[in-house]
1. Only helical DSSP H runs with n ≥ 4 go in: add -39500 (n - 2.57) per run for the chain, normalise by residue count and round the 222 nm mean residue ellipticity to 500 deg cm²/dmol.
2. Considering the dipole of the chain built from charges on the beta carbon (Lys and Arg +1, Asp and Glu -1) around the Cα centre, which of S27, I15, G59 is farthest to its positive end?
3. Among N62, N209, N275, which one shows the highest mean-square fluctuation when the chain is modelled as a Gaussian network with alpha-carbon springs under 10 Å?
4. Would you kindly calculate the translational diffusion coefficient of region 255-341, applying Stokes-Einstein with the Kirkwood radius from alpha carbon pairs, for 10 °C and a viscosity of 1.306 mPa s, and quote it in µm² s⁻¹ without decimals?
5. With bins 20 Å wide starting at 0, give me the P(r) of the chain over every alpha carbon pair, in whole percents.
6. Given a cut-off of 27 Å, name the pairs among K74/K133; K68/K327; K55/K191; K133/K333 whose C-alpha atoms lie farther apart than that in the structure shown.
7. Compute the semi-axes of the equivalent ellipsoid of region 32-122, taking the square root of 5 times each eigenvalue of the Cα gyration tensor, and list them largest first in whole Å.
8. Could you grab the relative contact order for region 14-347? Cα pairs under 8 Å, six or more apart, rounded to a whole percent.
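What follows draws every value from the coordinates through simple rules; no lab data is involved. Nothing here was measured: the structure is a model prediction, and the numbers come from that model. Using ideal geometry, Cβ is built from the backbone for each residue, glycine included, and neighbour counts are taken over all protein chains shown.
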Amino acid sequence: MATVEISSLLVPSIIEMAKAPSTSIPSRYLRPDIEKAVVPDGGQVLDIPVIDMQKLVSGGPNNPEIQKLDFACKEWGFFQLANHGVDSGWLETLKAEVDKFFKLPLEEKKKWWQSPGNAEGFGQAFVVSEDQKLDWGDLFFMLTYPLRLRNPRLIPSLPSPLSETMERYTSDLNNLSVAMLEKIAEALHMKAEEMTEFVGEGRQTIRVNCYPPCELSDQVMGLTAHSDATLITILLQLNDVDGLEIRKDGKWVRVHPLPDAFIINVGDILEIISNGRYRSIEHRGTVHPVNERLSFATFFGLAYDGELGPAPSLISEQTPAKFTRVKVQEFYKGLFARKLQGKAYIDTFKIQQD
């Protein structure tokens, strides 16, 4: 069994802190200089591209849905996935069970609290110093695939039926991730065996987020602006409170998910493999002044024993490599030694072009 090690300092529960008056919020959580989001034309939230999974897998040569997928990954870095095949009734069960899990008494949740240097369990991630600004949210994080690397104190010990629900959901999402990457490789005109070799046995982790309400919601941040160090991330909003914002054309805009749709985003690893054709996009989680927000992010990445770099079939004299090659283990080690800061990490792997 392997643990997910992160240079992380333990911090208090935000769910418990939110029960106190807003005047008692420690200064570490206050960010009065937060860049505000813009309201798109017409006063509506942002409509990001929608991809139909059934059309994606059933179309033949010159499938227009593949072309839509390529456009979404290239121009947006985000898209919604409809008709994904995960049962909507099962998703409602998951939402209800996660809600109950975060509402457990603090003493009960301490059974699954993070330990020093290990990110798995309740707590926060990417806390690397005593004076950095902190997010207004609690998370539950764990490695779920491959099965041999799971922490045995987590899924098996979760309350029933949450443990069974989590087993089925993570299995469904693992299969969906593999299917999506096959279609992404097709959209890139990349050799399928290259994607298979990069992924290896793959690595799936999950992060379930709870952002308690805060009267000073315009001065706190649920999740710091960042790009994901993944191939792809699949996000499920667990209640009706919006809060995901993406940086589009230099401005922060709010995303409103379709009912039962997943939001999928390109990660840093896919940007590197695609040699920059697809770009990971900065995004963040905001806090509501009155209502709690819940979300479930599933991250799909690479096994630790390989190398990461642009796919050879995408490199030519006309399209030289834009990123250096690096061992996957070193890539993740460097990532977890830093605090979240936009796309600063992936930028360290860029090759300066003449």
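1. Values: 10 runs with 91 residues, N = 354.
Computed ellipticity for the chain at 222 nm equals -7500 deg cm²/dmol.
2. S27
3. Comparing N62, N209, N275 in the GNM, the peak value goes to N62.
4. Working: Rh = 15.7 Å.
Using the Kirkwood radius from Cα pairs, D works out to 101 µm²/s.
5. 30, 61, 9, 0
6. Working: K74/K133 32 Å; K68/K327 32 Å; K55/K191 22 Å; K133/K333 22 Å.
Checking Cα-Cα distances, K74/K133; K68/K327 exceed 27 Å.
7. On the way: eigenvalues 253, 104, 47 Å².
After scaling each eigenvalue by five and taking roots: 36, 23, 15 Å.
8. Working: 624 pairs, mean separation 77.0, N = 334.
In percent, rounded to a whole number, it is 23.
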